[in-house]
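Participant: Supplied in structure tokens, the structure appears directly below.
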Amino acid sequence: MRRTSVLPGLLLATCAMAIAAPATARTLHARIDRVDATVAQLHGVDATLAWPAAATHGELLLHAARVQAPDLGYDFRDVTWQCTLQRDGNGRWHCDGGVRTGNGAPMRLAVDLGPDRTTGILSRGDARIAIERRAAAPDLTAIDITAVPVAWAQALLAQAWAAPQLQDGRLDAQLQVQAGGGGPVQVEGLLAFADVGFDTPDGTIAGLGLGGRFALDYRKAGTQTAVQVDGTLSGGEFLVGKAYVALDGPVAVEVQARGSEGEGWQVPRFAWRDPGVLLAEGSAAFGADASLDALDLQLHSEDASPLAGRYLSGWLGLAGLADLSIEGAIDADVRIAGGALRSGSLQLHGVDLRDPQGRFRFDALAGNVDFTGGDTVETSELAWAGGALYGLDFGAARLPLESSAGTLRLREAVDVAVLGGNLRLEHLAIAPPGAGESLSLRFGLAVENLDVGRLSEAVGWPAFRGTLSGRFPEARYADDRLEFDGDLVMDVFGGNVRVSSLAMERPFGSAPTLTADLRIDDIEMLALTEVLEFGSISGRLDGRILDLRLVDWHPVAFDAKLLTDPKRGVPQRISQRAVQNISSVGDASFANSLQGRLIGLFDDFGYSRIGISCRLRNEVCEMGGLRSGSNTFTIVAGAGLPRLTVIGHNRLVDWPVLVERLAAVAGGDVKPVID
């Protein structure tokens, strides 16, 4: 036999042999090159029927070298089915028995053949696939799927999308498959799934614990495929690129998509309705590599408070803002073309932003921000009622904005009240990510007369007094790094501290890193040491702290040197307590035993110079002073009588130990030690 086109033609042919066989027949054997069914073909078929004379049933053994359903993506090899074949009083044939594919787990296949309909049930445990065809509609197949592992649908899914690998979960469905006569394949019906897990080889798309119920319409004609789903996702979580979504209730989903072999998918319409939280509608197009090529998206959120945890944590986590708190209402429109953002708008309605780690806060954000890749649009304005940055409160402000050629800009300078002074945002330009580029931001900033006392109180410093001013004519943020051109100058204690080469990495991320150079000029030491409760030192101080590097606000590297600056008419005296504190911090002692005996007799001493340095690397501080020997260094060079000289005896000091000494000095726990 060469070919048949009846479903299932092979079994019908075997039944015909059983009817036509003489009563004395014991065994019938047939070899069939190919069997064509409605949606499948069988190749290299070998059938053996053993039916003893006068018996009511026979044993059928079928083996197919290959079973293909190309329109559905299935391709099995080495398929064997052994069943008991019998005929009832109504002329129907039944065969029920085990089936196995290669080394796969055994399953059970039961087939019922009659003149008006044909049914087949494939099962393993609770999983069951039932198929029915009627003679009146030979091209229509009904499929009933119950508790089937989703992995069984891998081949069918691959027809539309080859990348995902289905893992966990179960599937239920009632489907109608229309196929035959070389025409298109159409699958319609209801599809339900639970606890589904999947991922792609590159890990950029994944899902876990997904459940839902959808109406499905799948059509394939040649190289063209169209899919429409409409239903409800009931729970689970999934990742698409940087977008991580964790569902917390039912979400209505609608998707219409079409694609061509070797080309990307077109999505003429999609809708996502999370009641009260997020409504998203629009269209999209993807490249052959699944990259986003075009997007037209409209978003509305009446209550933005669940957005951060439910939809934005992927993006926010990359910026170190996974716990961001958002309150208020938001509307947005986005248009992407050619993989780049072309236009968009954002409307904020009384939005409060709060970082639980206290790094920033914005109160009552309101207004609209319009972005365009074309001609200038000057309709944007964003305002807030107040806020804070790293614990520093700032006042209300209103930002007039414009956009053109893919950049959002400030139309005019904006002043913000901060710490009794003023912060002026001189210019601002924001370029969103696109075409392989990350978000970039450029701005100019001026700081005018900030109250250092209020700043000290806010950040937990000693009660310094003075003002802070400066200007950064240009600052740049890109790839999670913030760099400043220009200097900040803090006028304190009759001198100043200048900060330059300021930069930050991951400013709102994990382990933020700050680098800077500090130069100290002509500080009045008496006022400084009184605030620090270090003891009394009079005179003037210069110094530098170069290559300063803070990781998570803790010093890990710097090169620091502090040196007194003699001034005519400025006395240079150091109190007994200050000497003791310097000795404690610097691991130092007095120059000779006579000094040790005399120090307790005097309240203060004259000095000619004081100098100390520390080069920190790998938690070790290389100490130095006015003069350094192999393992000693001079910290205080005395003047007058009694002449006092303080010598440090260990140039390599463990940094945590040095910090403990400084903390002890600040806490007043240092005890006088007379050498």
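Participant: May I ask you to verify whether Leu278 is free of Cβ contacts under 8 Å to residues at least 24 places away in the same chain, in contact with a helix residue (DSSP H, G or I) (Cβ under 8 Å, 6 or more places away or on another chain) and closer than 26 Å to Gly236 by Cβ?
Facilitator: It is false that Leu278 is free of Cβ contacts under 8 Å to residues at least 24 places away in the same chain, in contact with a helix residue (DSSP H, G or I) (Cβ under 8 Å, 6 or more places away or on another chain) and closer than 26 Å to Gly236 by Cβ.
Participant: Looking only at the stretch 28-53, filter to residues that are open to solvent by 30 Å² or more (accessible area, probe 1.4 Å) and among the acidic types (Asp, Glu); which one of those is farthest from Ala137 (Cα to Cα)?
Facilitator: Filtering the stretch 28-53 for residues that are open to solvent by 30 Å² or more (accessible area, probe 1.4 Å) and among the acidic types (Asp, Glu), the one farthest from Ala137 (Cα to Cα) comes out as Asp46.
Participant: Is it true that Phe198 is of a type in the set (Phe, Trp, Tyr), open to solvent by less than 70 Å² (accessible area, probe 1.4 Å), part of a strand (DSSP E or B) and closer than 18 Å to Glu254 by Cα?
Facilitator: No.
Participant: Just give me the residues in the stretch 448-458 being under 35 Å from the mean Cα position of the chain (by Cα) and either closer than 15 Å to Ala397 by Cβ or open to solvent by 40 Å² or more (accessible area, probe 1.4 Å) (or both), in sequence order.
Facilitator: Across the stretch 448-458, the qualifying residue is only Ala458.
Participant: Here's a follow-up. Would you mind finding the one in Leu239, Leu166, Leu171, Leu210 that is among the hydrophobic types (A, V, I, L, M, F, W, C), in contact with a strand residue (DSSP E or B) (Cβ under 9 Å, 6 or more places away or on another chain) and at pLDDT 90 or above?
Facilitator: The unique qualifying residue is Leu210.
Participant: Of (1) polar (S, T, N, Q); (2) surrounded by fewer than 18 Cβ atoms within 10 Å (Cβ to Cβ); (3) at pLDDT 90 or above, Ser628 satisfies all except one. Which?
Facilitator: (3)
Participant: Still on this structure: How about the stretch 54-111: which strands (runs of 3 or more DSSP E) wholly inside it have at least 1 residues that are within 26 Å of Tyr218 (Cβ to Cβ) and either at pLDDT below 85 or open to solvent by 70 Å² or more (accessible area, probe 1.4 Å) (or both)? Step through it out loud before you land on a result.
Facilitator: Working: elements: 57-69, 74-87, 93-101.
Result: 57-69, 74-87.
Participant: If you take the residues in the stretch 222-236 that are in contact with a strand residue (DSSP E or B) (Cβ under 7 Å, 6 or more places away or on another chain) and within 20 Å of Glu263 (Cβ to Cβ), which one is most open to solvent (accessible area, probe 1.4 Å)?
Facilitator: Step by step, filter the stretch 222-236, then rank; the result is Gln224.
The values are calculated or read from the model by the stated rules, or taken from the named source; none is laboratory data. Quick caveat: nothing in here was measured; it's all calculated off a predicted structure. In this analysis, Cβ positions are derived from the backbone assuming ideal geometry, glycine residues included, and neighbour counts consider all displayed protein chains. Surface accessibility is based on the protein's heavy atoms, side chains included, excluding ligands, DNA and RNA. Shrake-Rupley method; radii C 1.70, N 1.55, O 1.52, S 1.80 Å.
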